[in-house]
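Asker: Okay, handing you the structure first.
The values are calculated or read from the model by the stated rules, or taken from the named source; none is laboratory data. Everything quoted here is computed from the prediction, not taken from an experiment. Cβ placement follows ideal geometry from the backbone for every residue including glycine, while neighbour counts extend to all protein chains displayed. Please note that ligands, DNA and RNA were not included when accessible areas were found on the heavy atoms of the full protein model with its side chains. Shrake-Rupley method; radii C 1.70, N 1.55, O 1.52, S 1.80 Å.
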Amino acid sequence: MTNNSTQTISSSPAPVTYDRPRAAHSFFDNLQGQLFGIVMTSFGIAILHAAGLVTGQAAGLAFVISYATGLNFGLLFFLVNLPFYFLALARIGVGFTIKSLIAVTGISVLSSLLPSMMSFNAINPYVAAVLAGFCVGIGVIGLFRHGASGGGVGILAFYLQEKTGFRAGWLQALFDLAVFSAAAFVLEGPALLASILGAVVLNAFVAFNHRTDWYVAR
């Protein structure tokens with residue numbers, strides 16, 4: 001019997017997918033990454049303070065209170081962040097909470113010490129805002145990528161991005177609207193405009209560069 005059916009054989013081999021194991025951070029990786037984040041964030045804050053500017057997020061709220069009352073920024077930054085640790089502990093985990101507490105404490109201390117270690121004789125407020133935006137932005141990303149946060153809204157932003165994919169930078173931008181509304185009462189117009197520019201740079205930098213699908217290590 002003759003089989004008239006025709007069998008077609010593809011000359012192209014089927015695609016082969018290789019599962020690459022997910023990279024993991026070592027203890028030293030996380031330590032140096034967190035230290036980098038603390039230093040860069042503190043340096044950005046020092047630039048803002050020297051220029052008489054503010055930023056967004058919890059740091060911005062601490063700046064506004066500091067300018068209005070004369071209280072130490074570092075202490076206020078530490079206190080403003082305390083309520084957010086309950087969220088971190090309940091929703092994210094003990095490890096993240098401890099790392100974030102260490103980061104916020106480090107930023108509080110270092111940002112208080114830096115003005116006595118360095119000074120700016122002259123600095124354009126708009127230049128200061130942009131430089132500070134990049135410095136704080138890369139510091140925030142450094143902390144995020146090593147399982148920590150600079151506190152405050154960053155903790156909430158980290159949680160929402162990990163759970164829903166909603167970009168951390170966009171959530172921070174919404175909070176900034178409230179902060180800068182309050183800052184309008186303690187800053188002159190040019191300083192407020194420069195501060196808003198710095199916050200835009202910071203949030204855009206974080207939004208475009210902190211993506212879980214770009215960064216595979218944990």
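Asker: Of all residues in the range 157-189 being within 13 Å of Ala199 (Cβ to Cβ) and polar (S, T, N, Q), which is surrounded by the fewest Cβ atoms within 10 Å (Cβ to Cβ)?
Answerer: Ser181
Asker: Hey, another quick one. Across the range 94-124, which residue is nearest to Phe36 (Cα to Cα) among those that are crowded, with 19+ Cβ neighbours inside 10 Å and of a type outside the set (Gly, Ala, Ser)?
Answerer: Ile107
Asker: Need pairs with beta-carbon distance below 6 Å; first residue among the polar types (S, T, N, Q) and within the range 190-208, second open to solvent by less than 10 Å² (accessible area, probe 1.4 Å) and not in a helix (DSSP H, G or I); sequence gap 6+ or separate chains.
Answerer: Ser195/Leu53; Ser195/Val54
Asker: Sort through Gly106, Gly139 and tell me the only one that's in a helix (DSSP H, G or I), modelled with pLDDT of 90 or more and over 30 Å from Gly189 (Cα atoms).
Answerer: Being in a helix (DSSP H, G or I), modelled with pLDDT of 90 or more and over 30 Å from Gly189 (Cα atoms) holds for just one of Gly106, Gly139, which is Gly106.
Asker: Now for a separate question. Out of curiosity, is Leu113 without any contact (Cβ under 8 Å) to a residue 24 or more places away in the chain and under 12 Å from Ile45 (Cβ atoms)?
Answerer: Here the answer is yes, as Leu113 does meet what is asked.
Asker: Residue under question is Leu156, and the condition is that it be under 14 Å from Gln57 (Cβ atoms) and assigned to a helix (DSSP H, G or I); does it hold?
Answerer: Yes.
Asker: Going by what's in this entry, would Leu53 be described as assigned to a loop (DSSP other than H, G, I, E, B) and crowded, with 16+ Cβ neighbours inside 10 Å? It would help to see each step written out before you state the result.
Answerer: On the way: assigned to a loop (DSSP other than H, G, I, E, B): yes; crowded, with 16+ Cβ neighbours inside 10 Å: yes.
In short, yes.
Asker: Also: Scan the range 29-48 for residues that are closer than 15 Å to Leu202 by Cβ and either of a type in the set (D, E, K, R) or open to solvent by 60 Å² or more (accessible area, probe 1.4 Å) (or both) and jot them down.
Answerer: The one that is closer than 15 Å to Leu202 by Cβ and either of a type in the set (D, E, K, R) or open to solvent by 60 Å² or more (accessible area, probe 1.4 Å) (or both): Phe43.
Asker: Please verify whether the range 81-93 includes one or more residues that are modelled with pLDDT of 85 or more, under 15 Å from Ala46 (Cβ atoms), open to solvent by less than 40 Å² (accessible area, probe 1.4 Å) and part of a helix (DSSP H, G or I).
Answerer: no
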